[in-house]
Structure formats: structure tokens, C-alpha cells
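Below you'll find the structure, written out as C-alpha cells, and then a few comments.
Read the figures in this text as sums done on the coordinates, not as results from a lab. Because the structure is predicted, anything quoted here is derived from the model rather than measured. A quick note on method: Cβ atoms are made from the backbone with ideal geometry, for glycine too, and the neighbour counts reach across all protein chains shown.
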Ligand SMILES: NC(=O)c1ccc[n+]([C@@H]2O[C@H](COP(=O)([O-])OP(=O)(O)OC[C@H]3O[C@@H](n4cnc5c(N)ncnc54)[C@H](OP(=O)(O)O)[C@@H]3O)[C@@H](O)[C@H]2O)c1
């Protein structure tokens, strides 16, 4: 029987990365993680992976991290972190630092998590940095797979929090469709990419829902009467302009991505997985 490839995972302390770590260990891959704060690692049954402390933004701290590794997986990127670093510092350069190590150690494959339609939104700072790395990866000479997911369930938490405050605010008429995905389902897709040859995998969750339907599910989970305010879309565009002019890049970046993403007509990707948003919202209520 062929030996399973050894995997280096970076981003294991994040939402998706923690599910990936559990899935890799469950499937008996030999796993190494590079993290800056091991205390943030999730509890994994039968703890059996190697932990290396390092900062992917500082190449000297990750030297030889890819030694004896066959496959690198990266979910590293700025979502809510407030480190004072830019998307170019993290989503692009930190991943390049790992890619350089991967090339040096003759890693066979690099699996990178970008975003759905990131290649169509290169005017958005977050996507520009991610897609710059995607281009770097395409020309690296390594086998690679770019994972392009829709929104994660973790990001849908905001709907639930709005229902707890009594009202959900949506831009436009709320009819935009999306199929958000649970981290556990997405981790399964990423791990199965190890043995696949696709250069790109677009993926979403099992249910396509309008933003209004997502809000109703959240209201039902929090046992609150449904109250939705639809804000005209021109206000979304005005906020984008105003925040670009009057806020720092650090504040503007996440707002720019969020307001551009929710302005897309269609945020759906091929369906995958079993976990429903209803279950997820109910779990938040417990
Ligand atoms: N959330 C979504 O809906 C969504 C949708 C599509 C794609 N994505 C992309 O999928 C990827 C994973 O998302 P996620 O929600 O799992 O993100 P997350 O929970 O914020 O995890 C991000 C990971 O990146 C690491 N990281 C961030 N800044 C770092 C820095 N300066 N130095 C070292 N490590 C750093 C974090 O480490 P620490 O724990 O040490 O901070 C963490 O392990 C991201 O690249 C994101 O852009 C997200």
C-alpha cells in the first residue's frame, strides 16, 4: 500500500484551518502545522501531529518548515485579525514565504484557499492580494489546487447576532442567492483535493438560500419575530465611497470586501456537504 503524503498546514488556528487539522488527523495523514500561537490550536482527539512555532510573515522563523513534506495547505489570510499588517503582507507575501520554502524542499503540491470570484474582483484589496499569490502559485512549477469557496458559516454568525439585536439589515431586496458552507464540509473538500488533479475547485454548501431566507432561519433559531429592513443599494455604494475616502486601509479593507461580495448578483458555487445553516444557527443558540 502507498504511504499517505505528509502535509504541512498553515492557518490551523483559524476557523477553516481547525476543521482541516481535525480532518487530516482523522484520515491518518502525517501532519505538521506552523502557528504563531499554539495555544489557539483546536482540541484534536488522539493528538498526533507536529507543531512548529513560527510566523509566516517572517521567513527566518519558518526555515525548513517544508522538510520531508509532500503537500502544503494554506488557509492563511486576514479576516478579523488586527495586527496592523496589510493583505499584501499576509494573504500575498506570507503565502509566498511558505511557497519559497515549499520549492526549496521539493514539495509536490500546494493547496491554497482563496475566495469565490476572487479573480473577478481584483479591484478589491483582499482579492488583489490573494489573486497575486494565485498567479505566483500557477507559475511556481508545483502541482496546485486553488479552492474557491463561498461564504463560511462563521461569517453567517453576523445574521444571527443581528436577530438577537431585533432586526436584520440587508442591502437591496434580499433576493441575492448564496450557498454558504460549514468549515467541516469545506475541510473535506480541501483534503480530497490532495489526490485530485483539478487546478481549481469552486465550492459551496448544500443549500442555496436568498439573503432573506438566511435572515428568516436566523430569526427562527433565536426565537425572535422576523424584522428585516432593506436598505437601498445606492447606500451600499455610497458607504463604499465614503469609507474609502475617510478610513484607513485597515478599516476599509474588510468593509470593501464585504460590501463588494454582497453586491454580487450570484454568490453560489457547486453544492457540497451535509451541514445546514439551520443546524448552525440552532447550535449558536445553545
Ligand atoms: N470567512 C469566509 O467567509 C471566507 C470565505 C471564502 C474564503 N475565505 C478565506 O479562507 C481563508 C480562511 O478563512 P478563515 O475564516 O478560516 O480565517 P481565520 O479564522 O481568520 O484564520 C486565518 C488564519 O490565518 C492566520 N493569520 C492571519 N494573519 C496572520 C499573520 N499576520 N501571521 C500569521 N498567521 C496569520 C491566523 O492565525 P492566528 O490564529 O494566529 O491569527 C489563522 O490561523 C482566508 O484566507 C479567507 O480569506 C474566507
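Some notes on this structure:
- By average C-beta atoms within 10 angstrom, highest first, the peptides 73-81, 118-126: 73-81, 118-126
- The stretch 230-248-the stretch 259-277 distance, computed between alpha-carbon centres (Å): 22
- Shape call, the stretch 1-73: gyration tensor on alpha carbons, a/c limit 1.5: oblate
- Degrees separating the helix 211-221 axis from the principal Cα axis of the chain, which is the longest one: 90
- Inter-part distance, the stretch 88-148 to the stretch 169-205, computed on C-alpha centroids, equals 18 Å.
- Gain on full stretching of the segment that runs from residue 285 to residue 243 - 0.36 nm per residue minus C-alpha separation: 11.8 nm
- Computed per residue of the chain from DSSP H runs no shorter than four, each worth -39500 (n - 2.57), the mean residue ellipticity at 222 nm is -11000 deg cm²/dmol.
- Mean-square fluctuations from a GNM of the chain, with a 10 angstrom spring cutoff on Cα atoms, peak among 29, 87, 19 at 29.
- Anisotropy class of the stretch 120-257 from Cα gyration tensor, a/c 1.5 cut: oblate
- Global form of the stretch 10-123, assessed from the alpha-carbon gyration tensor, a/c cut-off 1.5: rounded
- Cα long-axis angle, helix 95-104 against the chain (0 to 90 degrees, to the nearest 10): 20
- In this simple spin-label approximation, residue 80 and residue 128 carry label points 7 Å from Cα along the Cα→Cβ vector, and these lie 2.7 nm apart.
- Rounded to the nearest 10 degrees, the angle from helix 233-246 to the longest Cα principal axis of the chain is 60 degrees.
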